[in-house]
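Asks: Shown below is the structure under consideration.
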Amino acid sequence: MNPSDTAQRPHIPPRKLEINHSTIIRADPMRVYNALTTSEGLDAWFTSGARVSALSGGEILFRWVNWGPDHITTEDGGPVLDATPPLRFVFQWHPDLPDYATTVEINFRPTEDGTIVSLREHGYADTESGLSAMLSCATGWGEALTLLKFYLEYGLHY
């Protein structure tokens, strides 16, 4: 087979660049929802000066000041696409480059033990920068859901 003969190459579908995380939090769904969808809720455990208008057509702004071991100060946000308390919250933001947004979908499912929080982020560019941002956000969302769990179940916060 001639390597330049694309007719002989198998079809390789585009990569599915998305983040998926789920965790159970032993708290009422509305309490979990509010901790992720209100300025006060986010600032209690995660951000410094967040702003949230948690309704379709609203906006979300995450702000971190002197955050973590690297003392990062940054902010990012975008439009809220869906806000259905206490079941679903969807927004967009720009974790890679300012010229495109990713979509973050958070679903809340009540169980007898509390709430299952499922997060999916998609829309990353299939570029070196996009892949780097996706890896960073994948670890960041895992950390965020763990911090949220510790805050709501034990009252611990950063």
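Asks: Give segment 32-46 a look and list any residue that's touching a strand residue (DSSP E or B) at 6+ places or on another chain (Cβ under 8 Å) and either under 12 Å from Ile106 (Cα atoms) or surrounded by fewer than 19 Cβ atoms within 10 Å (Cβ to Cβ) (or both), or say none.
Replies: Answer for segment 32-46, where residues must be touching a strand residue (DSSP E or B) at 6+ places or on another chain (Cβ under 8 Å) and either under 12 Å from Ile106 (Cα atoms) or surrounded by fewer than 19 Cβ atoms within 10 Å (Cβ to Cβ) (or both): Val32, Tyr33, Leu36, Thr37, Thr38, Ser39.
Asks: Oh, and also: Would you mind stating whether Asp43 is over 27 Å from Ser129 (Cβ atoms), assigned to a strand (DSSP E or B), at pLDDT 95 or above and acidic (Asp, Glu)?
Replies: no
Asks: Still on this model: Scan Ile116, Ile72 and give me the residue that is surrounded by fewer than 17 Cβ atoms within 10 Å (Cβ to Cβ), in contact (Cβ under 8 Å) with a residue 24 or more places away in the chain and out of contact with any helix residue (DSSP H, G or I) (no Cβ under 7 Å at 6 or more places or on another chain).
Replies: Every option except Ile116 fails the conditions.
Asks: Any chance you could count how many residues in segment 130-158 are farther than 19 Å from Val104 by Cβ and of a type in the set (D, E, K, R)?
Replies: Residues flagged as farther than 19 Å from Val104 by Cβ and of a type in the set (D, E, K, R) within segment 130-158 amount to 1.
Asks: Looking at the structure I just gave you, is Gly58 buried (at least 17 other Cβ atoms within 10 Å of the Cβ) and either over 23 Å from His157 (Cα atoms) or under 14 Å from the mean Cα position of the chain (by Cα) (or both)?
Replies: Judged against the criteria, Gly58 is not a match.
The values are calculated or read from the model by the stated rules, or taken from the named source; none is laboratory data. Note that the structure is a prediction, hence the values are computed from the model and not measured. We place every Cβ from the backbone using ideal geometry, glycine too, and count neighbours over all the protein chains shown.
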